[in-house]
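Here is the structure we will look at.
The values are calculated or read from the model by the stated rules, or taken from the named source; none is laboratory data. This is a predicted model, so every value here is computed, not measured. We place every Cβ from the backbone using ideal geometry, glycine too, and count neighbours over all the protein chains shown.
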Amino acid sequence: MAELVQGLTQDLRQLVSDEVALAKAEAGETLRRALRALVGAALAMLGAAVMLGFALVTLVEWIPNHTLVAGLVAAAGLLMVLGGAALIVANRRLIPFVMTRRSVKEDLEWARQQSRRTHR
């Protein structure tokens, strides 16, 4: 009986250690995704500001050379908006600890089964 309890204790320690490591890894990945989404939002806002600024300049002064430059800069702003939006969409899954919660549920079920076995 002592060996069984000792084995369960060691398994439980390893399980808790593995769960903490999984939670740390998931938290790090969530933080990286959030930072990338934040960079995407900043890029999109900067691009929108550039497009708006040059659109207003074009509306105020309709000079052919200015219009061409404003159009090129507005196209660059549009690319920035699209790039930022792509970064946000690519990193939209920010729900932390999905795998950790699933793993803890499995671990609790395992512990219940082990508990049932020892009570028999």
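Check off (1) in contact with a Leu (Cβ under 9 Å, 6 or more places away or on another chain); (2) at pLDDT below 80 for G84 and give me the number that stays unchecked.
If we test G84 against (1) in contact with a Leu (Cβ under 9 Å, 6 or more places away or on another chain); (2) at pLDDT below 80, just (2) comes out false.
Suppose we filter the stretch 30-51 for residues that are charged (D, E, K, R) and surrounded by fewer than 13 Cβ atoms within 10 Å (Cβ to Cβ); how many remain? Break it down stepwise before answering.
Of the stretch 30-51, the ones charged (D, E, K, R) are 32-33, 36.
Filter once more, so that each one left must be surrounded by fewer than 13 Cβ atoms within 10 Å (Cβ to Cβ): 32.
Looking only at that region, the number is 1.
Which numbered condition in (1) at pLDDT below 75; (2) among the hydroxyl-bearing types (S, T, Y); (3) closer than 27 Å to A90 by Cβ is the only one that T67 fails?
Unmet condition: (3).
For every residue, the table says whether it meets (1) of a type outside the set (G, A, S); (2) over 30 Å from G77 (Cβ atoms); (3) surrounded by 14 or more Cβ atoms within 10 Å (Cβ to Cβ); (4) touching a residue at least 60 places away in the same chain (Cβ under 8 Å).
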site: L4; (1), (2), (3), (4): yes, yes, no, yes
site: V16; (1), (2), (3), (4): yes, yes, no, no
site: G28; (1), (2), (3), (4): no, yes, no, no
site: L59; (1), (2), (3), (4): yes, no, no, no
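Go through (1) assigned to a helix (DSSP H, G or I); (2) farther than 30 Å from E3 by Cβ for K105 and report which single condition fails.
(2) is the only condition that K105 fails.
Working carefully through the options V39, V20, find the one that is touching a Leu at 6+ places or on another chain (Cβ under 9 Å), part of a helix (DSSP H, G or I) and not small (G, A, S).
V39
Here are the criteria: (1) over 30 Å from R117 (Cα atoms); (2) in a helix (DSSP H, G or I); (3) touching a residue at least 60 places away in the same chain (Cβ under 8 Å); (4) among the charged types (D, E, K, R). Tell me which single one R93 does not satisfy.
(2)
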